[in-house]
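Asker: I am attaching a structure below and will ask some questions about it afterwards.
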């Protein structure tokens with residue numbers, strides 16, 4: 001069967017089964033394939049590692065993206081994975097597969113964008129690889145560690161029935177920003193700047209992830225595939241159901257104004273928000289609200305019904321149909 | 001200036017300067033950009049990390065390489081970097097950028113090849129990323145650590161005048177294997193099997209690297225660009241010169257027999273041998289010979305003359321001209 005028929009998650013499943021069946025090595029691995037980042041312990045502290053790749057024409061369009069934005073985003077998406085574990089990001093390796101006719105100045109811009117967010121996140125660029133390639137492929141691998149005062153890693157598999165489902169910030173802004181650039185929409189001023197930044201320079205929730213782990217949150221994921229898609233990952237790996245109320249999904253006023261008929265779909269399925277989606281009991285959530293300074297919105301609850309399924313209802317409790325289940329790289333939506 | 005004009009090492013220099021100029025973060029970084037792997041200390045043990053990428057049409061030809069060989073080699077080249085630091089490899093993240101029409105069975109073969117060498121090297125595949133791409137790009141990032149009984153990391157910058165230059169195994173076999181497949185040469189039997197394995201399934205010197213660090217070797221690099229090229233890296237970073245005797249360079253009898261007129265050039269500039277090139281005093285070298293069970297050949301000495309330069313002489317001490325300085329991905333030789 002071809003990879004395009006398997007789909008991204010079918011492929012990840014195939015890889016996970018192959019690795020499990022043929023691994024002969026005992027290891028200090030705590031979290032393996034399938035979560036936001038890997039985790040292991042060989043000494044102290046617990047180590048985290050993640051990697052994400054951006055391919056020209058698939059994840060970005062060279063002509064519509066600044067090199068500095070590309071640098072920022074290629075590190076930001078990795079920071080978001082470490083954030084979703086509750087970890088402290090530390091060292092990045094950067095692999096550039098680029099055509100020979102790329103300008104050196106553009107590479108400097110790329111690194112400046114990356115170093116901008118690295119500096120504000122406490123990350124050091126420690127090495128990497130440079131190779132020639134017909135298409136631009138940027139791969140960042142990022143190491144991190146759990147804070148010394150605890151190694152309560154947040155995973156996708158720890159959601160429990162009765163917990164509240166909550167999310168940081170706003171959803172759909174990144175997809176709205178992409179649509180603004182692609183169509184293109186004649187927007188300007190603060191709204192245009194907000195939407196562009198949401199898509200091209202997302203702000204991963206690193207400090208908030210650490211606060212969550214400290215407050216006792218055990219289950220989190222970053223919103224990269226889209227709210228419904230990522231919540232489905234949690235439901236599948238935790239073997240629980242989820243019920244979310246469409247009216248509660250936080251959408252920024254600029255997005256509602258620019259996309260009055262589509263903002264809910266953007267928020268549910270747009271993806272690349274790099275906000276944190278998590279589950280918690282009421283006490284933990286109340287404690288967390290005191291510690292973080294960005295919006296935290298309760299959007300539903302974990303249930304014991306229909307494991308692996310996300311149910312969407314309106315404010316009257318009526319079921320809402322949905323059109324998409326999020327991004328799948330091998331079945332582009 | 002374009003990347004192709006800068007060349008691979010010009011590009012790495014540009015990146016290194018950009019990172020240094022714009023880094024604001026204090027860090028526990030011990031070894032940064034420019035060595036075989038990065039190293040840092042935030043707890044115990046010292047952590048190592050490296051990454052290497054293989055691009056279809058640049059580093060391999062899909063039609064001439066088995067998927068299992070591709071999996072083996074994509075991890076092996078990273079293992080070799082950890083070996084060159086004297087480290088213990090631990091956890092790998094694997095990023096596959098592949099076209100949608102790739103067969104799932106081929107991906108299973110790729111992982112089996114990777115798991116084969118992972119198992120024999122004590123490495124766990126802990127995660128990664130899968131993305132759609134018009135060209136196959138396989139990126140492995142590998143974490144490791146220094147053994148508990150010491151953190152004497154071997155670097156490229158520690159060679160001292162008077163030390164002997166030595167190398168493990170044989171050089172030129174990988175380039176000979178590639179030439180056999182590309183031309184193709186009508187070879188069979190043990191010679192063909194040896195040459196194919198040398199290029200497609202190289203054996204990184206992980207255990208030997210750890211023995212070197214334990215014995216007191218301070219300077220090592222793995223031979224990926226070619227003997228002259230990699231020794232030049234040592235000379236530049238250590239600010240020393242090197243003098244090697246062409247007749248002493250170890251070449252396998254199969255390679256001499258198959259390429260009677262070219263074997264020295266293959267050994268000097270072929271690259272991708274993944275043997276370890278190192279410098280050591282006579283006492284350390286004698287101790288190391290007792291500990292390892294593969295050939296270790298002394299091929300020359302580090303000098304205080306002509307820093308950054310490698311001089312090649314024959315057994316009478318006469319200078320030998322050389323045609324190439326090794327691989328440069330942006331100026332393919």
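The values are calculated or read from the model by the stated rules, or taken from the named source; none is laboratory data. Just so you know, these numbers come straight off a predicted model, no measurement behind them. So basically every Cβ, Gly included, is an ideal-geometry build from the backbone, and we count neighbours across all protein chains shown.
Asker: Working carefully through the options A:54, A:85, find the one that is surrounded by 19 or more Cβ atoms within 10 Å (Cβ to Cβ), facing another protein chain (nearest Cβ under 10 Å) and more than 20 Å from residue B:38 (Cα to Cα).
Answerer: On the way: A:85 fails: facing another protein chain (nearest Cβ under 10 Å).
Result of the check over A:54, A:85: A:54.
Asker: I'd like the full set of residues that are crowded, with 17+ Cβ neighbours inside 10 Å, modelled with pLDDT of 80 or more and either on the phi > 0 side of the Ramachandran plot or not in a helix (DSSP H, G or I) (or both), limited to the stretch A:1-33.
Answerer: Hits for the stretch A:1-33 are A:29, A:30, A:31, A:32, A:33.
Asker: Being assigned to a strand (DSSP E or B) and facing chain B (nearest Cβ under 7 Å) is the filter; apply it to the stretch A:131-145 and report the residue that is surrounded by the fewest Cβ atoms within 10 Å (Cβ to Cβ).
Answerer: First pass over the stretch A:131-145, keeping only residues assigned to a strand (DSSP E or B): A:131-132, A:137-145.
Narrowing further to those that are facing chain B (nearest Cβ under 7 Å): A:131-132, A:137, A:139, A:141, A:143, A:145.
Working: A:131: 20, A:132: 22, A:137: 27, A:139: 31, A:141: 30, A:143: 30, A:145: 22.
Among them, the one singled out is A:131.
Asker: Considering the stretch B:41-57 alone, what residues qualify as being more than 23 Å from residue B:71 (Cα to Cα) and at pLDDT 85 or above? Give the derivation first.
Answerer: Taking the stretch B:41-57 as the starting set, the residues that turn out to be more than 23 Å from residue B:71 (Cα to Cα) are B:41-47.
Across the stretch B:41-57, the qualifying residues are B:45, B:46, B:47.
Asker: Condition test on residue B:128, is it touching a strand residue (DSSP E or B) at 6+ places or on another chain (Cβ under 8 Å), part of a loop (DSSP other than H, G, I, E, B) and facing another protein chain (nearest Cβ under 7 Å)? Before the answer, list the steps.
Answerer: Working: touching a strand residue (DSSP E or B) at 6+ places or on another chain (Cβ under 8 Å): yes; part of a loop (DSSP other than H, G, I, E, B): no; facing another protein chain (nearest Cβ under 7 Å): yes.
So residue B:128 fails the test.
Asker: Within the bounds of the stretch A:71-82, is there any residue that is crowded, with 21+ Cβ neighbours inside 10 Å, at pLDDT 90 or above and outside any helix (DSSP H, G or I)?
Answerer: Initial filter on the stretch A:71-82 (crowded, with 21+ Cβ neighbours inside 10 Å): A:71-82.
Keeping just the survivors that are at pLDDT 90 or above gives A:71-82.
Of the ones still in play, those that are also outside any helix (DSSP H, G or I) are none.
Checking the stretch A:71-82: not a single residue is crowded, with 21+ Cβ neighbours inside 10 Å, at pLDDT 90 or above and outside any helix (DSSP H, G or I).
Asker: Counting only residues that are surrounded by fewer than 18 Cβ atoms within 10 Å (Cβ to Cβ) and within 7 Å of chain B (Cβ to nearest Cβ), which one in the stretch A:105-120 is nearest to residue A:76 (Cα to Cα)?
Answerer: The selected residue is A:119.
Asker: Still on this structure, please answer the following. Looking only at the stretch A:11-19, decide whether some residue is at the interface with chain B (Cβ under 8 Å from one of its Cβ atoms) and more than 24 Å from residue A:221 (Cα to Cα). So that I can check it myself, show each step before the final result.
Answerer: As a first pass, look at the stretch A:11-19 and keep what is at the interface with chain B (Cβ under 8 Å from one of its Cβ atoms): A:11-12, A:14-15, A:18-19.
Filter again for more than 24 Å from residue A:221 (Cα to Cα), leaving A:18.
Within the stretch A:11-19, one or more residues are at the interface with chain B (Cβ under 8 Å from one of its Cβ atoms) and more than 24 Å from residue A:221 (Cα to Cα).
Asker: Being part of a strand (DSSP E or B) and more than 7 Å from chain A (Cβ to nearest Cβ) is the filter here, so list the residues in the stretch B:92-104 that pass it. Please lay out each step first, then the result.
Answerer: Our first condition is that a residue be part of a strand (DSSP E or B); within the stretch B:92-104, this holds for B:92-98, B:103.
Correct list: B:92, B:94, B:96.
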